[in-house]
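A short write-up of the structure that comes next.
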Amino acid sequence: MASIRKEVSVARPADEVWDAVRDVGALHTRLVAGFVTDCHLDGDARVVTFANGMRARELIVDVSDSDRRVVWAAVGGRLTHHNASVQVFAEGAQGSRLVWVADLLPHEMAPAIEAMIEQGTSAMKKTLESASGKA
């Protein structure tokens, strides 16, 4: 199984960043604007449309306020297994570090998913540090 881990530092307080991360139905406006063009909730899942046109259905597994962590699992599509999480850590009073971890099969899909996660972490930083990313 492929495991991908990416981290990004953000010049925003952890509580503010967590407020955007935990808003699982607003990825396209609050967290990864431009990387995700649409997102809507459908029961316990969110349906995500990426800028490249790909759509994914992601079951929301957990939203933990105590850990500042969101966990989801993509279902359907070309992956036979996909679970991921984003966790927010405070870095001083005014900064945060986000850690995105994804585990997936088949292993051969790892390069494409890793490239998307790179784009996603860049979009997180840009969105959260912009005026529109403020909680």
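The values are calculated or read from the model by the stated rules, or taken from the named source; none is laboratory data. As the structure is a prediction and not an experimental result, all values here were calculated from the model. Neighbour counts are summed over all protein chains in view; Cβ atoms, including those assigned to glycine, are modelled from backbone coordinates with ideal geometry.
Condition test on Ser85, is it closer than 14 Å to Arg5 by Cα, assigned to a strand (DSSP E or B) and hydroxyl-bearing (Ser, Thr, Tyr)? Taking the combined requirement at face value, the residue satisfies it.
Assess whether Ala90 counts as being in a strand (DSSP E or B), more than 15 Å from the chain's Cα centre (by Cα) and at pLDDT 95 or above. It is true that Ala90 is in a strand (DSSP E or B), more than 15 Å from the chain's Cα centre (by Cα) and at pLDDT 95 or above.
Can you spot a residue in the range 51-72 that is in contact with a helix residue (DSSP H, G or I) (Cβ under 7 Å, 6 or more places away or on another chain) and free of Cβ contacts under 8 Å to residues at least 24 places away in the same chain? Checked against the condition, which is being in contact with a helix residue (DSSP H, G or I) (Cβ under 7 Å, 6 or more places away or on another chain) and free of Cβ contacts under 8 Å to residues at least 24 places away in the same chain, the range 51-72 yields no hits at all. Could you go through the range 116-127 and let me know if any residue there is over 22 Å from Met1 (Cα atoms), at pLDDT 95 or above, assigned to a strand (DSSP E or B) and hydrophobic (A, V, I, L, M, F, W, C). Checked the range 116-127: no residue is over 22 Å from Met1 (Cα atoms), at pLDDT 95 or above, assigned to a strand (DSSP E or B) and hydrophobic (A, V, I, L, M, F, W, C). Pairs only if they're at least six apart or on different chains, beta carbon under 6 angstrom, first in the range 1-28 and farther than 24 Å from Leu41 by Cβ, second hydroxyl-bearing (Ser, Thr, Tyr); list them, first residue then second. Every condition considered, the pairs that remain are Lys6/Thr121; Val8/Thr121; Val10/Ser96; Arg12/Ser96; Ala14/Ser96. Among what's in the range 32-66 and is over 22 Å from Thr127 (Cα atoms) and part of a loop (DSSP other than H, G, I, E, B), pick the residue that is nearest to the chain's Cα centre (by Cα). The qualifying residue nearest to the chain's Cα centre (by Cα) is Asp44.
Return yes or no: is Gly25 over 29 Å from Glu108 (Cβ atoms) and not in a helix (DSSP H, G or I)? In short, yes.
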